[in-house]
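Note sheet for the following structure.
The values are calculated or read from the model by the stated rules, or taken from the named source; none is laboratory data. These numbers were taken from a predicted model, which means no experiment stands behind them. Every residue, glycine as well, gets a Cβ built from its backbone with ideal geometry; the counts of neighbours run over all protein chains shown.
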Amino acid sequence: MENMNILEGDACLITRTPLPAVTVVAMAYVPFQQFGTIYDPEKGLRSGTIFPDLDKPFLGGRGASK
């Protein structure tokens, strides 16, 4: 199945989709992180994450405008 995360335990197999099967209008949802490729330890330390999908540029500025 496409976009499925498969978690294997000792005697169970759990599949999880990125979003809940049933969603409600006007509710915010954060998808489950899909496990994929990871950075090597050195690049992970430099980037602050081992997950390329979470490696985003910092575009922050000052706090709230006055």
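Before moving on, here are some points about what is shown:
- Among the residues of segment 30-47, those that are part of a loop (DSSP other than H, G, I, E, B) and exposed (fewer than 10 other Cβ atoms within 10 Å of the Cβ) comprise 30, 36, 37, 40.
- Condition check for residue 42: modelled with pLDDT under 75 and charged (D, E, K, R): no
- The number of residues in segment 1-29 being of a type in the set (Ser, Thr, Tyr) and either modelled with pLDDT under 80 or in a strand (DSSP E or B) (or both) comes to 2.
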